[in-house]
């Protein structure tokens, strides 16, 4: 129940700026405040002990900002929390996506994946995943304020440094309903912490 409430609160916090985004772009301060509120809320929950964080560079060939300028390159951050891990690794969480041209797309995601040893090496793990989510274009794009869906897949290669830390690299691709591009590609640094 608490995990469901966390996801609902995260979604609500990310959708609050939609009305303002329709009248003008969110400022950097607005987006920082939104992510700060969500992070503070999640930090105060007693059950948050297992997080996966991703920092990634993104490429969306053909993406234009609201002025028609190229906005193909960007970056993003994601935080994912396990919802169920017995057979498949099922995670929920939130992301923030920036593209050149000030596009900011917050999203709430659900991911299903697996973890497999590479060549029987206990600490080296190959992790394929598929995911889906909802996203809001919140600034600097022709689709400002539009709520859309996304889906994608990818793989990461992680090394387990200790019982509490794994780190690695990942690649993923996505389709976004509100972006006029064939796909968005991500190249990620993956960190998995257990507290």
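The values are calculated or read from the model by the stated rules, or taken from the named source; none is laboratory data. Given the structure is predicted, the values throughout are model-derived calculations rather than measurements. Cβ: placed from backbone, ideal geometry, glycine included. Neighbour counts: every protein chain shown.
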Lone qualifier among 5, 42, 26, 77 - being over 28 Å from residue 180 (Cα atoms) and either modelled with pLDDT of 75 or more or in contact with a helix residue (DSSP H, G or I) (Cβ under 7 Å, 6 or more places away or on another chain) (or both): 42
Elements of type strands (runs of 3 or more DSSP E) contained in the range 101-195, each with 1 or more residues being at negative phi, more than 19 Å from the chain's Cα centre (by Cα) and without any contact (Cβ under 8 Å) to a residue 60 or more places away in the chain: 116-118, 121-136, 147-162, 165-176
Count of residues meeting criterion [modelled with pLDDT under 70 and over 22 Å from residue 166 (Cα atoms)] in the range 47-67: 0
